[in-house]
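Only one structure is covered here, and it is reproduced in the block below.
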């Protein structure tokens with residue numbers, strides 16, 4: 001039995017098939033952990049969702065920013081963008097069922113010393129604090145009136161400075177945006193959601209969230225994606241697995257038991 005953590009798929013089903021074949025995945029024996037962003041920008045979001053959902057307990061996926069964007073578009077909270085490529089999900093006969101499944105996926109998955117999240121955590125959050133915040137947001141997304149909660153969860157127009165006295169809406173909005181969008185922040189832990197480039201272009205005064213000194217969440221290995229310009233990073237307590245598949249680079253899987261990396265080239 002093996003557990004494989006897989007980087008951002010973003011609708012690239014052909015690449016996922018090649019990777020599944022390369023690792024010789026067997027759903028009755030192995031498990032797949034997806035870092036989120038199953039959908040969008042690639043050509044086949046519908047098939048990816050059907051495949052991962054169909055794996056049942058053999059797969060774990062956390063929500064990424066593109067997954068939340070799909071939910072927000074479907075709920076009428078925001079509009080389709082020119083680069084969106086999940087029209088197939090919105091028009092599919094099983095689309096409502098897939099969306100219902102998607103909004104019930106976690107923001108964080110914690111197991112056996114690993115924590116799976118799409119983008120990262122604020123450096124001042126402890127692991128238990130981050131998990132509690134994720135569960136609060138997940139309850140809102142899974143509620144019957146979830147579409148009423150989506151605007152303050154999805155949009156980035158709320159507070160950016162974390163403190164324990166934030167209102168419920170600001171707390172859940174900031175937590176969601178950090179977990180699905182963070183790349184860099186100030187030494188004080190204030191996130192900057194606008195930066196998308198490589199490490200050598202990070203603006204003065206900012207650092208990758210996982211390089212902030214005395215980070216409070218170093219007692220578990222955090223697995224994430226989201227930052228294609230960063231690429232694959234494997235450190236003692238940090239694993240970044242976004243190798244830019246949707247940009248024609250690679251889709252990767254990392255076997256957690258021995259940290260062996262598997263890669264396939266991507267052409268979508």
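Where a number appears in this text, it was derived from the coordinates with a stated rule and is not lab data. Since we're looking at a predicted model, the values are computed, not measured. Cβ coordinates were reconstructed from backbone atoms using ideal geometry, including for glycine residues, and neighbour counts include every protein chain displayed.
Structure data summary
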read-out: Principal semi-axes in Å for the stretch 77-171 [√(5λ), Cα gyration tensor, largest first]; value: 26, 18, 14
read-out: 125, 101, 209 arranged by Cβ crowding within 10 Å, fewest neighbours leading; value: 101, 125, 209
read-out: Mean separation of Cα contacts under 8 Å (6+ apart) over length of the chain, as relative contact order %; value: 24
read-out: The chain: calculated mean residue ellipticity at 222 nm from DSSP helix runs of at least 4, using -39500 (n - 2.57); value: -9000 deg cm²/dmol
read-out: Length added when fully stretched, residue 260-residue 202, from 0.36 nm per residue minus Cα-Cα; value: 18.0 nm
read-out: Which of 3, 126, 61 has the fewest Cβ neighbours within 10 Å, and the rest in rising order; value: 126, 3, 61
read-out: Label of the coordinate-derived value, P(r) over Cα pairs in 10 Å bins from 0, in percent, listed as [x] 6, 27, 31, 19, 10, 5, 2, 0, 0; [y] 7, 32, 38, 20, 2; [z] 7, 29, 34, 23, 7, 1; value: [y]
read-out: Extension reserve of the residue 220-residue 78 stretch, reckoned as 0.36 nm per residue once the Cα distance is removed; value: 47.6 nm
read-out: Beta bridges by DSSP in the chain, antiparallel share as percent, to the nearest 5; value: 60
read-out: Full-extension gain in nm, residue 132 to residue 165, via 0.36 nm per residue minus C-alpha separation; value: 10.4 nm
